[in-house]
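Since every read-out is calculated from the coordinates, none of them should be taken as a lab result. Computed from a prediction, not measured in an experiment: that's the story for all the values here. Methodologically, a virtual Cβ is constructed for each residue, glycine included, from the backbone with ideal geometry; neighbour enumeration extends over all protein chains shown.
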Amino acid sequence: MKRIIQIGLFLFGSLLLSVQAAPLTFSLDKMENDKAITVTEKDWQGKYLLMAIGYTTCPDICPTTLMDVKNALVEMDKIAPEKVKKIQPLFITIDPTTDKLKNITAYAGYFDPRIIGLRTDDFAKLDDVVAQLHGSYGYQFEGKKVTPPNLPKGYTVMHSTFIYLYSPERMLVDAYPYNMDGKTLAGRIIKNLP
């Protein structure tokens, strides 16, 4: 068991080192005053970005992840209110076929109004930002891989589960595993902020 943990930590460390190559960039849409507006990583100057990917009809991973982010924000409100103001949480849908901008906005905001839902119709843009995160996603139907844009009714979505913290310079600071409780997540985030 100890060996498995060591291998896991090595792979996790390798992920962090490999992602450091270039600053994160993206161009996605968010809802503002019932209108879609395009935002980039530059829209949150001076803020750390706390990012996750997922989709609104996810039965378990996405709600758990967003609840953990919400609980971390609430914990930080109590113990480090000056630091929580330095963070902008973002949730990017990897199922734009089903998740319209209004849906992803409401879904992310349901957990905490500070979490902004992001989306694009352009799968090349989506692939690019997910690749920069060193995340993954895909679709299956009847046990076989299917690809957009013509996804069959009843397809299944699969995706990676990390939460990523990016600096104001858009360099990866840390990545947090799935199902890290809010209190632990808050503590790890606080240690990474000045």
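Counted over the chain, the DSSP beta bridges are approximately 70% antiparallel. Among residues other than residue 54 with Cβ under 11 Å from its Cβ, the summed charge is -3 (Lys and Arg +1, Asp and Glu -1). Summarising the label geometry, the points placed 7 Å from Cα in the beta-carbon direction at residue 40 and residue 106 lie 3.2 nm from one another.
Note on residue 79 and residue 127: the model spin-label points, each 7 Å out from Cα along the C-beta direction, lie 4.2 nm apart. Karplus-based coupling profile of the stretch 110-118, in residue order and whole Hz: 4, 6, 6, x, 7, 7, 9, x, 10, with θ = phi - 60° in 6.51 cos²θ - 1.76 cosθ + 1.60 and x standing for Gly or Pro. The fraction of Cα-Cα pairs per 5 angstrom bin, counted from 0 for the stretch 23-192, comes to 2, 9, 19, 22, 21, 15, 8, 3, 1, 0 percent, rounded to whole percents. Computed from phi, the 3J(HN,Hα) profile of the stretch 61-67 under the Karplus parametrisation 6.51, -1.76, 1.60 (θ = phi - 60°) reads 5, 5, x, 5, 4, 5, 5 Hz, with x in place of Gly and Pro. What the pair-distance distribution of the stretch 100-184 shows, using all Cα-Cα distances binned every 5 Å from zero, is 3, 11, 14, 22, 24, 15, 7, 3, 0 percent.
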